[in-house]
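S.K.: Pasting a structure below so you can have a look.
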Amino acid sequence: MKGMAVSITIDYTGGLRCTATHGPSKTTLITDAPVDNHGKGESFSPTDLVATALASCMATVMNIKAQQKGYDIVGMKVSVEKHMSEDTPRRIVRLPVTIEVPLSPEHPDRKVLEATALACPVHQSLHPDIDKTVTFVWNG
């Protein structure tokens, strides 16, 4: 599976809106420019998708690890805030993440699950200048 390429095509449909199509599944999603950057903000912006990718990647890899150990973490909630720069070039500067895990703080896999989240491919791929503080809340 390593090195496998996934094709995603983008069709610009006007009005600062794009339709993205995931090659393997043919699933589509729409992006819109945000209100603060000339758009209507009627869907995820491209930078919103970066934040979404980070949060969903962390949730996914944590659950892969949990399943490998014989359980899952249904009910886990991950929230992320996207903060854009005030200067140019326009860029993401902060992506604080909160992960609420429905397991006890004394869970034997706590450290491995936290390390797994921080090692997710999106977290590892984002520019090091982006503040990606992650807060884990264990409420089991």
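S.K.: Determine whether residue 113 is touching a residue at least 24 places away in the same chain (Cβ under 8 Å), in a loop (DSSP other than H, G, I, E, B), over 14 Å from the mean Cα position of the chain (by Cα) and surrounded by 16 or more Cβ atoms within 10 Å (Cβ to Cβ). Let's see the steps before the verdict.
M.R.: Details: touching a residue at least 24 places away in the same chain (Cβ under 8 Å): yes; in a loop (DSSP other than H, G, I, E, B): no; over 14 Å from the mean Cα position of the chain (by Cα): yes; surrounded by 16 or more Cβ atoms within 10 Å (Cβ to Cβ): yes.
Criteria not met by residue 113.
S.K.: Identify the residue in the range 122-140 that is part of a strand (DSSP E or B) and of a type outside the set (Asp, Glu) and, among all such residues, is nearest to the chain's Cα centre (by Cα).
M.R.: Start the filter on the range 122-140 by keeping residues that are part of a strand (DSSP E or B), which leaves 131, 134-138.
Next cut, of a type outside the set (Asp, Glu) only: 134-138.
Details: 134: 12, 135: 15, 136: 15, 137: 18, 138: 20 Å.
So, considering only residues that are part of a strand (DSSP E or B) and of a type outside the set (Asp, Glu), the one nearest to the chain's Cα centre (by Cα) is 134.
S.K.: Quick one: in the range 18-64, of everything that is charged (D, E, K, R) and surrounded by fewer than 18 Cβ atoms within 10 Å (Cβ to Cβ), which residue is farthest from residue 108 (Cα to Cα)? Break it down stepwise before answering.
M.R.: Narrowing the range 18-64 to residues charged (D, E, K, R): 26, 32, 36, 40, 42, 48.
If we keep only those that are surrounded by fewer than 18 Cβ atoms within 10 Å (Cβ to Cβ) as well, we get 26, 36, 40, 42, 48.
Numbers: 26: 40, 36: 45, 40: 47, 42: 43, 48: 34 Å.
The selected residue is 40.
S.K.: If a residue has to be without any contact (Cβ under 8 Å) to a residue 12 or more places away in the chain and of a type outside the set (D, E, K, R) to count, how many in the range 75-106 make the cut?
M.R.: The qualifying residues number 3.
S.K.: State whether the residues of the range 27-35 include one that is in contact with a Cys (Cβ under 7 Å, 6 or more places away or on another chain), closer than 18 Å to residue 81 by Cα and outside the structural domain of residue 91 (by TED's automatic domain parsing).
M.R.: yes
The values are calculated or read from the model by the stated rules, or taken from the named source; none is laboratory data. Only a predicted model underlies this, so the values are computations on that prediction, with no experimental measurement involved. Methodologically, a virtual Cβ is constructed for each residue, glycine included, from the backbone with ideal geometry; neighbour enumeration extends over all protein chains shown.
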